[in-house]
Amino acid sequence: MRVNQKICQDHARSSRLEWLETNGAGGFAMGTVAGTITRRYHGLLVASLRPPVDRHVLLSRLDEVISGGGVADVALATNQYPGTLSPRGYAHLIEFRLDPFPTWVFDVGGAHVEKQLFLVQGEQTVVVLYRATRPRSIAISPFLAYRDYHALSRANASLDGSLREERTDGALVVRTRPYAGLPELALHASPGAHLVRDGTWYYSNEYLAELDRGLDFREDLWKLGTLQLELEPGKPAFVAASIGPRRFDATVVADLASNARTQRRSRSADPFLSRLDLAADQFVVRRADERPTVIAGYPWFTDWGRDTMISLPGLLLARGLLAEAREVLRGFLAHVDRGLIPNAFPDRPGDKPEYNTVDATLWMFQAVHAYVQASGDARFLREEFYPAANEIVRWHRQGTHHGIKVDPADELLAAGAPGVQLTWMDARVGDRVITPRHGKPVEINALWYNALRLMALWGGALGDAGGAAEFAVSADRVRSSFEKAFWNPQRGHLDDVVGDPSLRPNQLFALSLPYPLLSPEQRKSVVRSVERNLLTPFGLRTLGPAEPGYVPQYRGGPEERDGAYHQGTVWPWLLGSYVRAYLCAFGRSPETVQHCRDLLRPLEQHLDDACLGSISEVFSAEPPFQPGGAPAQAWSVGELMQLLSVDLADNPHDKSRRERKTPPPRGPEFRR
């Protein structure tokens, strides 16, 4: 994709367009088209010290100055300080591209200078390339933050600014270790580079997205020194920053760039799917033990159980990554505790996994069902998941963490403990849980019912006739109790929690999962109610506008944002459940499929906004539907991938359809 000169030189616009590079090992680089850092999480090397967690912003930015050609020096950087932008490199920016990695083109007095960066897959390494159409000199100043990515740095006397300089056949290497507890950073520059030792602190760098979010927004950065290089047409210069052992020269850099391009080729000819395919790759990473996992969102999320299980069908299965999907499932199964998989893995050494979730484990049943359908992997089901699933059901029946327990009176699943939020609507402000949903939530019981139906299906297929029969009886009891507990005839939709008639989107899961509930007329009534009150161009509102506590805009400080998070704020990932519920209620026809496909077009356009090439976590509930939250979210991308690749695929009446990747074959022995 390309951002034109007009937008590039409109700083208010280009500083709000973000780009994202990831390394498949938890690390990333992130910034803006303008080059201005606006978040504490922005940086050219945000390294994961214990993949995929323990992230640190090591290399914050590179400030460049171009000289020569008989014209005045031109600075390429654009930095925000109190009350001013200095320098203003964006005024010389004539193009930004993702082709496939971030590329800037500057007009510097009759010459064009191109800057391009990419991360090396599986390494904590960033490579930056510079090209010029005419001979020019370039001075490059690396700025270091060297701190946890949630924190901000301040000028301090403990920083060790000493540098070790060496030359190899292919590069100038400058090594630094500002703090003893963090790894050494090696900067490799083209062999003609010269180092000027002019290290110093730069104070009060301002990050305005943090200001908008009501957080600390000023940071002091250490300028390591200045690298001076010559640029010649047809001869790229490079700077690579790494905490690994790799050595660099021009050939190595060219090979790495070529490999990176090859890895970024989409598997789909459909323009929308092609871009989502590349976005999906960013969320699939490997741990230090080489097992794959899923990052819930960038820049601040790590791997979360709920998000992983919801995203897995779209991010992995729809793209044919069956082995990776199996290993992700195994990774979470290895951490089951009292019938629950973790909600989140720790970001810091010594912390333990968190099990504050009632739905992540139930979503795992759906992920396994999708995996078995796609792969026909009876062995995994028989030897690994089905035995574990029996234990999971047993724990849910007898009771486990946080009051999660089946009510024997009606077989419905209840959950709740003071001060703990257990469903996906998990916002809290201090000790105040915004949407506690204690008791019997509607989507939890739809998931529980589906888990029991799947256990009956699997038990029968695996020869456990007694178990299959028992699970089927339990599922029948849940189905009988469900309508009595949740159907609200006065309002024509399902209560969100037993006793709470709030209009929320969670009721859709009673229709969208493989085993739907309710009568045909009730299903239509639910979808119409959601359509009238919750559907927006970018997803579903989390609360009806007429409901008490509705918040129309997602903005402000942490308390304001958390208070709005599930009180109206729009979530794109919910479009997946809406589309499946719509097809369940109104049937699958060329017309209904085309209608659902049309609903996705605003999100296709959104790929050119916010985080370029990805889908935001949330949007405000009312126009102009401002994007917010994490600018790149796994389940936002994953659900769109699943819809386009599976649920809405193969519709010859879809006018926007192109040739799409064929979904992986489904195993008939486990197909419902």
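In this rough spin-label picture, where each label sits 7 Å from Cα along the Cβ direction, the Gln605-Gln398 distance is 5.6 nm. Take 88-94, 529-535, 332-338 and order them by the average number of nearby Cβ atoms within 10 Å per residue, most first; the result is 88-94, 529-535, 332-338. The angle between the Cα long axis of helix 250-263 and the main principal axis of the chain comes to about 20°, on a 0 to 90 degree scale. In a simple Cβ point-charge model (Lys, Arg +1; Asp, Glu -1; nothing else charged), the chain has a dipole of about 740 debye relative to its Cα centre.
Placing R0 at 30 angstrom, the Cβ-Cβ distance between His194 and Arg261 gives a FRET efficiency of 0.45 after rounding to 0.05.
Projecting the Cα atoms of Thr542, Val252, Tyr515 onto the charge dipole of the chain, computed from C-beta unit charges around the Cα centre, puts Tyr515 farthest toward the positive end. Taken over the alpha carbons of region 468-530 as equal point scatterers, the Debye sum produces base-10 log I(q)/I(0) values at 0.15, 0.18, 0.27, 0.29 Å⁻¹ of -0.45, -0.63, -1.23, -1.36. Look at the Cα gyration tensor of region 413-521: its axes a ≥ b ≥ c give a/c of at least 1.5 with a/b at or below b/c, and that counts as oblate. Just so you know, the Rg over Rh for region 271-670 is 0.93, from Cα atoms, with Rh as the Kirkwood radius. Measuring r between the beta carbons of Ala409 and Asp249 and using R0 = 60 Å, the FRET efficiency lands at 0.25.
Across region 553-622, the convex hull enclosing all Cα atoms gives 99 Å³ per residue. With a cut-off of 18 Å, note down the residues of region 451-495 whose backbone N falls inside the zone around a label point 7 Å from the Cα of Arg528 toward its beta carbon. In region 451-495, the label zone of Arg528 (backbone N under 18 Å from the point 7 Å along Cα→Cβ) covers 487-495.
Computed over region 147-300, the quotient of the alpha carbon radius of gyration and 2.2 N^0.38 Å is 1.30.
Lys-Lys pairs in the chain that are eight or more residues apart or on separate chains and whose Cα atoms lie under 18 Å of each other come to 4. When each of the peptides 230-241, 76-87 is scored by how many other beta carbons lie within 10 Å of its residues on average, the order from highest to lowest is 230-241, 76-87. Annotation: extensible slack from Asp431 through Leu182 equals 86.3 nm (criterion: 0.36 nm per residue apart, minus Cα-Cα distance).
The length gained by stretching the chain between Lys6 and Ser589 to full extension, at 0.36 nm per residue less their Cα-Cα distance, is 205.5 nm. Calculated mean residue ellipticity at 222 nm for the chain: -8500 deg cm²/dmol, from DSSP H runs with n ≥ 4 weighted as -39500 (n - 2.57), summed, divided by the residue count and rounded to 500. Sites listed here are GluC sites (Glu not before Pro) in region 109-198 whose DSSP assignment is loop and whose Cβ has at most 16 other Cβ atoms within 10 Å: Glu184. Taking 7 Å steps out from each Cα toward its Cβ at His112 and Leu215 produces label points 3.7 nm apart.
If you wrap the tightest convex hull around every Cα atom of the chain and split its volume per residue, you get 153 Å³. The distance linking region 60-128 with region 480-512 is 54 Å (Cα centroid to Cα centroid, whole angstrom). Taking all Cα-Cα distances within region 2-263, those exceeding 35 Å account for 7%.
Every number in this text was worked out from the coordinates using simple rules, so none of it is lab data. Just so it is clear, the structure is predicted and the values come from calculations on it, not from any experiment. So basically every Cβ, Gly included, is an ideal-geometry build from the backbone, and we count neighbours across all protein chains shown.
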